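The block underneath contains the structure these notes are about, expressed in structure tokens.
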Amino acid sequence: MDTRSSYRLTTSFHSSSVLLMFFCLLCQYCHSQNEFRVGVILDMGSWNRKMVHSSITMAVSEFYNINSHYKTRIVPSTADSKGDPLQALEAAQELVVKNVAAMIVGAEMSLDAKLLALIGDKARVPIFSLSGSASFDEYPYFLQLSHSEAMQFEATAALVESFHWKAIIFIGENANYKPGVISCLLESFQEKNIQIDHISSLSSTITDDGILAELHKLMSMQTTIFVLHMTPSLASRLFSSVKSLGMQSEGYAWILTDTTRDIMNSGELMQPIEGALALKPYVPPSTKLRNFTSRWRKELQDKKPYMNVNELSSHGLWAYDAIWALAKAVEEVNMQINPKSTEEHNSASDFIHVGVSLIQKKLLYELVKTRFEGLSGEFKIINRTVPILKAFEIVNVIEEGEKRVGFWAKGVGITREIMHPALSHNNLKLIVWPGGSITAPKGAWPSRKKLRVGVPKKKGFTEFINLEYDPQTNTTRAMGFCVDVFKAALEALPYEVPIEYIPFVDANGELKGTYNDLVYQIYLEQYDAVVGDVTITNNRSQYVEFTIPYTEIGVGTITKVKENEDMWIFTKPVGADLCLITAVFFILTGIVIWFIEKPINKEFQGSLSQQIGTIFFSTLFLSSRQKLSSNLSRFVMFIWVFLVLILTSSYTATLASLLTVQQIGLASRGANVGYQTGSFVERAIASNLNFMDYSLRPYSSAEEYADALSKGSKNRGVDGIVDEMPYIKAFLSKYSPDYAMVDSASTTNGFSFAFRKGSPLVPEISRAIAKLREEGTLSTLEKKWYNKPSSLVNQELPPKPQVLKVDSFGGLFVIGGVSLGLALFARIFYIIRGKLNIYNYMFQTLASGNLAIMLRHMISSSELKKTMPV
């Protein structure tokens, strides 16, 4: 292979893409006008670059129609590179020799960006690059016009991350793998914790059979998420084979970078890539852009009606703005330089050494100063870059064309709306995926190996974890609540994780050690994870990483419900001091009512025994037979009724509480306490459940729990079983009528899944568990394996019964006492006032000498007083 062929194979990235090069040749001074000839090097076989060429032509025409008074003019001169980067590079070198003043370089030259930057720096030629090449700080004449590949890869990685995919396959063109591209690609995806399972490098000269062979190899891998970054011509051939192999069916996902998306501009191959996602440079809408697009479509249809183009490419807009910037800068340079200084030099050599250097320096300076509002946004050069692109559109390829589903913005990330990113962060619109599905495909587990999951063997409480061995298939099947939760969490992940359950048993099929030993196997790299009734503890967390718990936290105590044998329990709710003060108030209330009612109410008159009986019946039993005549006595009775109501309500509540505590009471001294064999709960019993002088007894199953509780401590059983909440619920689901639970402090952290430290599955499984809890799936699985008991007492066991005392009702008795005093004072006041009225009348009558009238008045007043209420 000759040197030219070898170079072409290694530098042919974007061989079918557009190469746009504007060569603003040094102005050849004419007596009437300065012309800057612009060399335009394009792959005229590319639809996209034909659009760029039409944009350049319209830019020159429209600019000078508006600025007809300008003394300078740029004149395009087109050359066809035929998609050959080497041929385009040679043409660029020839034009440099011919004393070009400036260049704008298109996509085909991105492979040789650094070489072009070096050429431009040596020749002092300002170069605008339309490719995705990075800018070079050491070459001040190299100016970046398009977005960088780093930005493109950053947006692609963010899009992959938004679907929580953890592994992809990258398919690119080998000519694209210039220095820095691979490192930029890897860095972008590593920042998002996304693994690139495979990088497929295709040559632009690869045959269709070679493409099929490569796709067959990719199909054998588990990953079905593909990122495509290649020229449209190669992408067109690739998608034809993808369609034939069925890789556009449900379960696959294709993401196209902006470089590859140019394939859609010509309207070709819409059907084969239907369902793909693509990045598209976002150009803010404006009136100027809409008007130009209308003019461009009309002119394109008039000149080339056979061209079926969906829209103008972003490269065409950038080229249009670049022409305007260049035309403005050239005019400014011409105004600063005296034309006669160049006219005196007749030879081209003299012109090069004197005029070119001066104009090129000033041209670069004026380009950096240029500011205007172009079709693609504000045009300005900052740090040798034109920051035109600030965001990508995310489009979904559908049958009708393409549909915008969101945006990616620098510093913001994935959003639904570009104008309101805070309200739509990481929330794309509805996407139609390959195969017509609206559900995002599941990616693949980044590791190609199965997840080795250790599972314990239990004797009791098999509803949580149980193992069954199938001798025919020589496999072990895990089942139970913990396994179902683990499976549901894995199904909620956006990728599939193959798993293999490995029993943690010895040669006899029994549990091989303790749960601490089981968890430690992850640290020893024997397992990747452990699934079972494993509790989070501080010691275990030093070796493994736990997900969030999927069960309730804390421990509790199971006790047997006892029959109440205390015949005097009804006296315990009330203290002696409360009984005494209540009796005193009862007597005082009766006396006050009797004192008020006796003079005016016949029912409170009679013999001493009758009056005492009336007082007791009216006050204590609130009898309706004794009608109260005075409002004062009714007020006293109201206060007494209120006091009695409060006391009886409090008594009823306290008695009910005492009866409950008596039924599920647990001796705190000399009690036998049970716990589950091998559980760490043993060391927490004394400190958290207030047991003193206890004796611990281990048990393994719910049946052993029930038997021990039925016997009690006196018959070599236990008075209580201390265990974690899930086990207690499982026990009470079987024996709830005869047993009850008393909650204790949350001293345990619940069941969890254990993984290796740093495992990417930990946050993913934790989020899945949180989602299962919110959706009610965890509750459904609990009811499936162990129903929640209906007779669950959810209260703390008090140290001793609380009784009602005067201190709790002091305010109530103060109100009652004050009310009695006020009523008694009012009655005495009425009596004194009545007597004073009589004495005054007697004195007045005696003074007048009318004794007979006074006697009649006294008799009538006495009779009236007996019937008149106070």
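Values quoted throughout were computed directly from the atomic coordinates according to the rules given, and no laboratory measurement underlies them. On a predicted model such as this, the values are computed, not experimentally measured, just so you know. Neighbour counts run over all protein chains shown; Cβ positions are idealised from the backbone, glycine included.
With 0.36 nm allotted per residue and the present C-alpha distance subtracted, the Asn538-Ile587 stretch has 11.2 nm of extension available.
Computed extension length for Thr652-Ile553: 32.3 nm, one decimal, from 0.36 nm per residue of separation with the Cα-Cα distance subtracted.
Here the Kirkwood formula puts the hydrodynamic radius of the stretch 494-600 at 21.6 Å, using every distinct Cα pair. Counting neighbouring Cβ atoms within 10 Å and putting the fewest first, the residues Cys579, Cys482, Cys184 line up as Cys579, Cys184, Cys482. Applying 1/(1 + (r/R0)^6) with R0 = 56 Å to the Cβ-Cβ distance of Lys82 and Val412 gives a FRET efficiency near 0.85.
Contact order for the stretch 455-549, expressed relative to its length and based on alpha carbon pairs under 8 Å spaced 6+ residues apart, stands at 28 percent. At full extension, Thr439 and Ser701 could sit 89.9 nm farther apart than now, given 0.36 nm per residue minus the alpha carbon distance. When Tyr705, Tyr786, Tyr520 are sorted by how many other C-beta atoms sit within 10 angstrom of their C-beta, beginning with the fewest, the order is Tyr520, Tyr786, Tyr705. Let me test this: with uniform point scatterers at the alpha carbons of the stretch 455-549, what is the Debye-based log₁₀ I(q)/I(0) at q = 0.12 1/Å? For the requested q values the scattering log ratios are -0.39.
What the Cβ-Cβ distance of Met44 and Met479 gives, at R0 = 60 Å and to the nearest 0.05, is a FRET efficiency of 0.35. Considering only Cα-Cα distances, which of the following residue pairs are longer than 32 Å: Lys572/Lys783; Lys442/Lys734; Lys288/Lys442; Lys429/Lys783; Lys458/Lys771? With Cα atoms farther than 32 Å apart: Lys572/Lys783; Lys442/Lys734; Lys288/Lys442; Lys429/Lys783.
One quarter of the convex hull surface built on the alpha carbon atoms of the stretch 693-778 amounts to 8.4 nm², the projected area averaged over directions.
Placing pseudo-labels 7 Å out from each Cα toward the beta carbon at Arg295 and Asn631 gives an inter-label distance of 9.8 nm. Residue exposure proxy: Phe586, Phe170, ordered by other Cβ atoms within 10 angstrom of their Cβ from fewest to most, comes out as Phe586, Phe170.
The local environment of Asn396, defined by Cβ-Cβ distances under 10 Å, has a net charge of +1 under the rule Lys, Arg +1 and Asp, Glu -1.
Distance between the 7 Å Cα→Cβ label points at Met221 and Lys403: 3.0 nm.
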